[in-house]
Amino acid sequence: MEIQNPNMDPSLPKAISGKNDVICQFQGFWVLPIFLQGTKQVLEHFKPLPNDVILASFPKTGTTWLKALLYSITNRSSKNLLITTHPHELVPSLELQVYANSSPHFPTPTSSSTRIFSTHMPYQIIGEILNSSDCRIVYVARNPKDTLISYWHFKNSMLLRKGDQPHPLEDFVSKFCEGTVLFGPYFDHVLGYRKEGLERPKKIFFITFEELKNDTNTHVKRLAEFLGCPFEGEDREEQVEEVVRGCSIDTLKSHEVNKSSDVPSWCMMPYNAFFRKGQVGDHANYLTKDMIERIDKLTREKFHGSIFEE
Ligand code: A3P
């Protein structure tokens, strides 16, 4: 098939992601042509400050949850802003929001001196920039099967909005395994941050969605320590509990701003699309035995049992 797109750099390899999205390969990873400009702007102009926190993730691994948590941990006195502001507006994406246009759009300063940004860019691409200052990185990873299913649902809601048919799961599994999904390959994305996180735990805090689900309070305390703002005082446990409760999927889903079907200018999906079930193991409701075997085999080959081993 002839692949054409007006935003496309003709020199970059191209593929079809999802059912019919044209994506291009930039430094080994797949991006949408409309995000390429922002990606290049970040690489050219972003200078992290020593106090910055960068939340890095592959899509659908818990980015929204971590945005809410990181914001609440570092802005305890104004954490109620989560009631009226979507986590994606409180913690903007470097490539999709801050640097999407020719002049960068930085968020309004808050009570905290810590700026928090997110990125889906892999460490292999943005690592050098993040290492140019003492900024801290939090990376959230999620097991590949739940990531895939969450991604598939997200893509399908996008297709349904356009009046298209859902993407057949079998084809989506193939694309995910081959790596031709946005910001893929998933395995290389996780490994880039994982390796650095193991070598430099003071620079990169690597956490999985599953660990966080299993014991949110403990990991919220660890995150606060990593960020240099530990919970202190006699009411320490209550403070932690309040942050965890305020960022739970049920609480976030209950806010009007997160129920909104408005589509922000920087995204193709409405605000409410970022909250679905938020559970561990939902893939079992969708993937066949063969699909599970295929993904598990690849996971063993790529991760060598270091994470997400079945
Ligand atoms: P599911 O589709 O499995 O429900 P991202 O934010 O990276 O796009 O990831 C979206 C996934 O995180 C979705 O998973 C979504 O429901 C889940 N999620 C969003 N907010 C959450 C929260 N506060 N707690 C747990 N999971 C959450």
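The values are calculated or read from the model by the stated rules, or taken from the named source; none is laboratory data. Not measured: the values here are computed from a predicted model. Heads up, the Cβs are rebuilt from the backbone with ideal geometry, glycines too, and the neighbour counts pull from every protein chain shown. Just so you know, the surface numbers come from the protein's heavy atoms only, side chains and all, with ligands and any DNA or RNA stripped out. Shrake-Rupley method; radii C 1.70, N 1.55, O 1.52, S 1.80 Å.
Each residue of the chain gets 138 Å³ once the volume of the Cα convex hull is shared out per residue. When the Gaussian network model of the chain links Cα atoms closer than 10 Å, the mean-square fluctuations of Cys229, Cys177, Cys247 top out at Cys229. In units of 2.2 N^0.38 Å, what is the alpha-carbon radius of gyration of segment 206-250? The reported ratio for this selection is 1.13. Charges were assigned to the Cβ only: +1 to each Lys and Arg, -1 to each Asp and Glu. The resulting dipole of segment 15-153 about its Cα centre is roughly 340 debye. Over all Cα atoms in segment 159-239, the spread is summed up by Rg and Dmax: 18.9, 55 Å. Between Lys203 and Glu293, the modelled labels are 4.2 nm apart [label points 7 Å from Cα along Cα→Cβ]. Here are some pairs, Lys40/Lys277; Lys47/Lys195; Lys60/Lys202; which of them have Cα atoms lying more than 30 Å apart in this structure? From the list (Lys40/Lys277; Lys47/Lys195; Lys60/Lys202), the Cα-Cα distance tops 30 Å for Lys40/Lys277. Size of segment 238-310 from its Cα atoms: along the principal axes, largest to smallest, the extents are 42, 37, 24 Å.
Entry note, the chain: relative contact order of 21 percent, from Cα contacts under 8 Å with a spacing of 6+ residues. Sorted largest first, the spans of the alpha carbon positions of segment 57-175 along the three principal axes are 46, 35, 32 Å. Annotation note: GluC sites (Glu not before Pro) in segment 178-238 located in DSSP loop regions with a Cβ neighbour count of at most 11 within 10 Å are Glu232, Glu234. Tyr193 sits among other residues whose Cβ lies under 15 Å from its own Cβ, and their net charge, with Lys and Arg +1 and Asp and Glu -1, is +3. When only Cα pairs below 8 angstrom with a gap of at least 6 residues are kept, segment 237-279 shows a relative contact order of 28 percent.
In the chain, excluding the sites themselves, the longest stretch lacking any of the trypsin sites (Lys or Arg not before Pro) that are in a DSSP loop with at most 16 other Cβ atoms within 10 Å is 1-161. For the set His219, His167, the ranking by accessible area, highest first and with no ligand, DNA or RNA atoms included, is His219, His167 under a 1.4 Å probe. The residues of the chain have, on average, 46 Å² of accessible surface per residue, using a 1.4 Å probe with all protein chains present. Going 7 Å from the Cα of Arg236 toward and past its Cβ, which residues in segment 200-229 have a backbone nitrogen under 16 Å from where you end up? Only 217-229 pass the distance filter. Once the Cα-Cα distance is subtracted from the 0.36 nm per residue extended length, the Cys229 to Glu170 segment shows a gain of 16.7 nm. Note that segment 128-264 shows a convex hull volume over its alpha carbon atoms of 158 Å³ per residue.
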